[in-house]
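> Sharing a structure with you now.
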Amino acid sequence: MKFRFTVLALTFLLLPLCIPASAQKGLGVGSFQSFKGLGISLETLSPSGREFNTFTLYADMAGVYLGYNSDPGVKFNYSHNIRLAQFDPQTLDDLSFVAGSGVTAGWVKDSVRDGYGLCTALSGTFAARAVFPCRVGFTLGITLETGLLLYDNGGHPTTTLYRDGIYHTILPHLTISYQFK
């Protein structure tokens, strides 16, 4: 499991190096930190600059931090974000509020179930974003994940509501990224 996660994480980190320099305009690569977990993030900006996509791969650490789990799960989130309000400060390249919707999938342990299961969820994100002239960006937000968890219940596959996706909405996340121009 650790080897597969390491290979997947390295592939995700090295992906921008495979993209030609002309296509890197509007690309951001960074880290994802939260009480939910730790991981890596990739952002692609639309040509208009009003929309961007975020791809996040992270270790689901909430159960480890809260003490009901000893091993992390793995989650992937895709979000299509739209700028709701954009401000024009003189000291920043970008200051805006964004909201987006997307999907989440992962191999996780829900706080009310024993064992791991496959989660699939629809996600909604609301965040504040600031990009400085040195091309370093900060995004602080929250994400709601509403979906299902498929797990093994004594040899019988069982589907239930993925409760941690709702419970952990109040846990904010911070993404620190470098924005290619």
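> Considering the Cα positions of the range 27-179, please state its Rg to one decimal place and its Dmax as a whole number of Å.
In Å, with Rg to one decimal and Dmax whole: 16.5, 61.
> Related question: Please give the peptides 64-70, 88-94, 147-153 ranked by average Cβ packing (other Cβ atoms within 10 Å per residue), highest first, as a rough proxy for protection. List each step's numbers first, then the result.
Values: 64-70: 12.4, 88-94: 10.9, 147-153: 16.3.
Put in order of decreasing packing, that is 147-153, 64-70, 88-94.
> Given a Förster distance of 25 angstrom, what is the FRET efficiency for ASP114 paired with TYR65, based on the Cβ-Cβ distance and rounded to 0.05?
Details: r = 19 Å, r/R0 = 0.74.
The computed FRET efficiency comes out at 0.85.
> Once you list every other residue whose beta carbon is under 14 Å from the beta carbon of LYS109, what net charge do they have if Lys and Arg are +1 and Asp and Glu are -1? Before the final figure, lay out the partial values.
Values: positive: LYS36, LYS75, ARG113, ARG163; negative: ASP60, ASP71, ASP110, ASP114, ASP152, ASP164.
Value of the local net charge: -2.
> Further question: Can you give the extra length, in nm with one decimal, that the chain gains between ARG163 and LEU144 once fully stretched, where that is 0.36 nm per residue apart less the Cα-Cα distance? Provide the component values of the computation, followed by the final result.
Details: separation 19, 0.36 × 19 = 6.84 nm, distance 1.07 nm.
Contour length minus the Cα-Cα distance gives 5.8 nm.
> Any idea how far the Cα center of the range 96-168 sits from the one of the range 23-90, in Å?
11
> Then there's this: Take ASN153 and ASP93, extend 7 Å from each Cα along the Cα→Cβ direction, and tell me the distance between the two endpoints in nm.
It works out to 5.0 nm between the two label points.
> Would you mind getting me the FRET efficiency between PHE132 and SER48? Use the beta-carbon distance for r and R0 = 30 Å, nearest 0.05.
Numbers: r = 21 Å, r/R0 = 0.72.
That gives a FRET efficiency of 0.90.
> Hey, another quick one. So for LYS181, LYS109, fewest C-beta neighbours within 10 Å to most, what's the order? Mind dumping the intermediate values first?
Numbers: LYS181 8, LYS109 24.
Fewest-to-most Cβ neighbours within 10 Å comes out as LYS181, LYS109.
> Helix-derived [θ] at 222 nm for the chain: sum -39500 (n - 2.57) over DSSP H runs of at least 4, divide by residue count, nearest 500?
Details: 3 runs with 23 residues, N = 181.
Rounded to the nearest 500, the figure is -3500 deg cm²/dmol.
Where a number appears in this text, it was derived from the coordinates with a stated rule and is not lab data. Computed from a predicted structure; not experimentally measured. So basically every Cβ, Gly included, is an ideal-geometry build from the backbone, and we count neighbours across all protein chains shown.
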